[in-house]
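> To start, I am sharing the structure in question, which I have written as C-alpha cells.
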Amino acid sequence: ETKINAKIVKVGKDFEVDDEYGKWLIHPFLFETNKKEVVLSKDHTEYKWVSPHQLKEYETVIALSTNLKFLGINF
C-alpha cells in the first residue's frame with residue numbers, strides 16, 4: 001500500500017480486533033528502509049511518520065502498543 005521497498009526485520013504476534021466495521025486479523029511486522037517518501041494506494045489519503053512516544057497522541061488499533069513492545073520498540 002505504500003510502494004516502499006523494505007526488509008522485514010522482525011515478525012510480531014498476530015491478533016484480532018473487533019470494531020464497527022467487523023473483525024480484523026492484524027499481522028504486525030517491523031520493517032527497515034532508507035526511504036521516507038510514501039506513495040499511497042487509492043484506499044488512503046494521507047500519512048504521517050511519528051516516533052514511538054508520539055503514538056499515544058493518535059487513535060490506533062487495540063493492542064498495538066503491546067505488539068510494538070514485542071517487536072522491540074519501547075516508548
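> I want to check the label-to-label distance for Phe31 and Glu1. Put each point 7 Å from Cα in the C-beta direction and report it in nm to one decimal.
Label-label distance for Phe31 and Glu1, simple model: 1.1 nm.
> On to the next question. Taking a point 7 angstrom from the Cα of Leu71 along the C-beta vector, which residues in segment 1-45 have backbone N less than 12 Å away?
Output list for this probe position: 7-14, 27-33.
> Tell me, what is the per residue accessible area of the chain in Å², probe radius 1.4 Å?
Each residue of the chain exposes 89 Å² on average to a 1.4 Å probe.
> If you compute mean projected area of the Cα convex hull in nm² for the structure shown, which of [x] 4.6; [y] 4.1; [z] 5.7 do you land on?
Computed from these coordinates, mean projected area of the Cα convex hull in nm² corresponds to label [z].
> Kindly flag which residue pairs out of Lys3/Lys35; Lys3/Lys23; Lys23/Lys48 have an alpha-carbon separation exceeding 18 Å in this structure.
Where the Cα-Cα span goes over 18 Å, the pairs concerned are Lys3/Lys23; Lys23/Lys48.
> Could you work out the local net charge near Phe75, counting Lys and Arg as +1, Asp and Glu as -1, over the other residues with Cβ closer than 15 Å to its Cβ?
+1
> Roll a 1.4 angstrom probe over the protein heavy atoms and tell me the percent of accessible area of the chain that is carbon or sulfur.
Percent of accessible area from carbon and sulfur atoms in the chain: 53.
> Still on this structure: As a test question: what accessible area, to the nearest 10 Å², does Thr66 have when a 1.4 Å probe is rolled over all protein chains in place?
Near enough 90 Å² of accessible area.
> List the residues of segment 28-48 whose backbone N lies under 13 Å from a point placed 7 Å from the Cα of Leu55 along the Cα-to-Cβ direction.
In segment 28-48, the label zone of Leu55 (backbone N under 13 Å from the point 7 Å along Cα→Cβ) covers 28-31.
The values are calculated or read from the model by the stated rules, or taken from the named source; none is laboratory data. This structure is a prediction, so every number in the text was calculated from the model and none was measured. Positions of Cβ are generated from backbone atoms using ideal geometry, with glycine treated the same way; all protein chains shown enter the neighbour counts. Remember, those area values only see protein heavy atoms, side chains included, never the ligands or the DNA or RNA. Shrake-Rupley method; radii C 1.70, N 1.55, O 1.52, S 1.80 Å.
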